[in-house]
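Chemist: Below is a structure I'd like to ask you about.
The values are calculated or read from the model by the stated rules, or taken from the named source; none is laboratory data. Every value quoted in this text rests on a predicted model; they were computed, and no experiment measured them. Note: ideal-geometry Cβ built from the backbone for every residue, glycine included; neighbour counts use all protein chains shown. Heavy atoms of the whole protein, side chains included, go into the accessibility calculation; ligands, DNA and RNA do not. Shrake-Rupley method; radii C 1.70, N 1.55, O 1.52, S 1.80 Å.
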Amino acid sequence: MKKRKSLEEYTIGILKGDRSSLAQAITLVESTLFEDRKMGTQLVQDLLPHTGNSIRIGITGVPGVGKSTFIESFGMHLLNSGRKVAVLAIDPSSQKGKGSILGDKTRMEKLAADERAFIRPSPSGHSLGGVSAKTREAMLLCEAAGFDTILIETVGVGQSETAVRNMVDFFLLLMLSGAGDELQGIKKGIMEMADGLVINKADGDNIKASKLARQHYLQALHLFPPNESNWYPKVELVSSTEGTGLDETWGMIEAFEQSTKSKGFWRKNRASQRSKWLEESMYNLLLEEFSKNQSVRKVLAEFENEIESGKVSPQWLAQKALESFLSNK
Ligand code: GDP
C-alpha cells in the first residue's frame, strides 16, 4: 500500500479538487481498519464546512432499464452545461460475487474518461448499513472537492433504495414502457419514494408506447397520498442513447429544488437525514463492537449446537450475550 497522506495533506488536496486525494480519502473511509476509519471520520468532520452545496440525486431502476446508459448521457449533458458531476454507487448485490454495478470498466466509458467527472464504484463486502454510511461520507468528500451534482446509482430491487432515499435530495426512478405490466418488476413502495420518473428508451418504435406509459404512471402517481415535500412527481420521456429528454429531466430536478427550498422542505429533509445517519452510525458501531467482542463470541460459541438443534431460544442467548458484553466492558 502507498504511503498514507497526513490528515492535512488530504484536506488540502481535496479542497484543491485533486482527484487522487479524493479517491484515496474515499478508500480511507471505506477501510475496515480501525485507524484508517478513525482518520477518515476526522477528515469528513474537518471538511464538513465545505460540504452540502450540491444537489444529491439518487437513481434507481431494474437491471436493464438503462441506468448506466442514462447516467452516462445525463452526466455528460450536465458536464457540458458547466456542472461538476460525481457518480457513486450502492450495490449490496456485489457482495454475492456478481461484481459491483460500476465495477465493469466498460460502463460509462465517456464519463469515466472525462476529466471533469468523478466516478466511484461501491465498496463491496460490507453490510448494507456499512455501505450506505460509507457512501454518505464519500458524498461529503466529493462535495468538499467541489462537485456540485452527486449522482448515486443503485439497483432497483429492494433494500438499497431506502438507504439511498435517505441520503439524497431527489430520487429518480427509471422505468420502461412495457407490455401492459408496467408496475411489475419494481415494487410499489419504490415508486412511492420517487420524486420523478424517467421512462427510458423512448425512441424508435417505442415512442408511442412510452407516451402511453407516461399517462399511466402519472395517473398511478396521483393515487399516492402527497408527501411532506408538497411536490408532485413528474414523468419525463428520455432516450439515453439519443440524448433526448435530458434537458427536461434536469428541468424537473431544478423545479423540485426551487420548490422545496422555498417551502423549507429541502433543509428539513437534510436535517432529518442527519438524524437518521446518526442513528445508523451508532447502530453500526455498536453492532460491530458487539459482534467482535471476545466474551460475546465465547458465549455464542458455547451455545452453537443448542441454537442449531433448537434447544435454546435465540432471544435467550442474545440476552446472555448482552449481559456478558456489559459485564466485560
Ligand atoms: P442498466 O442495467 O440499468 O445499467 O442498463 P444499461 O445501461 O446497461 O442498458 C441496458 C441495455 O439497454 C443496453 O443494451 C443499452 O444499450 C440499452 N439502452 C439503454 N438506454 C437506452 C435507450 O435510451 N434507448 C435504447 N433503444 N436502448 C437503450
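Chemist: Go through F256, F290 for me and flag whichever is hydrophobic (A, V, I, L, M, F, W, C) and out of contact with any strand residue (DSSP E or B) (no Cβ under 8 Å at 6 or more places or on another chain). It would help to see each step written out before you state the result.
Modeler: Details: F256 fails: out of contact with any strand residue (DSSP E or B) (no Cβ under 8 Å at 6 or more places or on another chain).
Result of the check over F256, F290: F290.
Chemist: Kindly check whether there is at least one residue in segment 318-329 that is at pLDDT below 95, under 30 Å from T41 (Cα atoms), open to solvent by less than 100 Å² (accessible area, probe 1.4 Å) and of a type in the set (K, R).
Modeler: There is no residue in segment 318-329 that is at pLDDT below 95, under 30 Å from T41 (Cα atoms), open to solvent by less than 100 Å² (accessible area, probe 1.4 Å) and of a type in the set (K, R).
Chemist: Go through segment 239-254 and give me each residue that's over 18 Å from M191 (Cα atoms) and among the aliphatic types (A, V, I, L, M). Step through it out loud before you land on a result.
Modeler: Pass one, segment 239-254, residues over 18 Å from M191 (Cα atoms): 239-248, 250-251, 254.
Scanning segment 239-254 gives a single hit, L246.
Chemist: Can you pull out every residue in segment 54-95 that is more than 16 Å from the ligand (Cβ to nearest atom) and modelled with pLDDT under 95? Outline the logic, then answer.
Modeler: Applying the first criterion (more than 16 Å from the ligand (Cβ to nearest atom)) to segment 54-95 yields 54-56, 78-86, 95.
Residue satisfying the conditions is Q95 alone.
Chemist: If I ask for residues that are open to solvent by 100 Å² or more (accessible area, probe 1.4 Å) and free of Cβ contacts under 8 Å to residues at least 40 places away in the same chain, which ones from segment 279-312 would you list?
Modeler: E279, M282, L286, Q294, R297, K298, E302, E304, N305, E308, K311
Chemist: Please work out which residue is surrounded by the fewest Cβ atoms within 10 Å (Cβ to Cβ), limiting yourself to segment 2-11 and to residues that are among the charged types (D, E, K, R) and part of a helix (DSSP H, G or I).
Modeler: Taking segment 2-11 and keeping what is among the charged types (D, E, K, R), we get 2-5, 8-9.
Pick out the ones that are also part of a helix (DSSP H, G or I) and you get 8-9.
Values: E8: 10, E9: 14.
Among them, the one singled out is E8.
Chemist: Of all the residues that make up segment 202-231, how many are within 16 Å of the ligand (Cβ to nearest atom) and either in contact with a Leu (Cβ under 7 Å, 6 or more places away or on another chain) or assigned to a helix (DSSP H, G or I) (or both)?
Modeler: Residues of segment 202-231 that are within 16 Å of the ligand (Cβ to nearest atom), as a first pass: 202-211, 213-214.
Those left that are additionally either in contact with a Leu (Cβ under 7 Å, 6 or more places away or on another chain) or assigned to a helix (DSSP H, G or I) (or both): 202, 204-211, 213-214.
Residues flagged as within 16 Å of the ligand (Cβ to nearest atom) and either in contact with a Leu (Cβ under 7 Å, 6 or more places away or on another chain) or assigned to a helix (DSSP H, G or I) (or both) within segment 202-231 amount to 11.
Chemist: Considering only residues that are among the aliphatic types (A, V, I, L, M) and either over 23 Å from E254 (Cβ atoms) or exposed (fewer than 14 other Cβ atoms within 10 Å of the Cβ) (or both), which ones fall in segment 191-240?
Modeler: Within segment 191-240, the first condition is being among the aliphatic types (A, V, I, L, M), and the residues that meet it are 191, 193-194, 197-199, 202, 207, 209, 212-213, 218, 220-221, 223, 235, 237-238.
Scanning segment 191-240 gives I207, A209, L212, A213, A220, L223.
Chemist: Now a separate question. Find the residue count for segment 256-278, including only residues that are open to solvent by 80 Å² or more (accessible area, probe 1.4 Å) and in a helix (DSSP H, G or I).
Modeler: Going through segment 256-278, the residues open to solvent by 80 Å² or more (accessible area, probe 1.4 Å) turn out to be 258, 261-263, 267-268, 274, 278.
Remaining after also requiring in a helix (DSSP H, G or I): 258, 261-262, 267-268, 274, 278.
Total meeting the criteria: 7.
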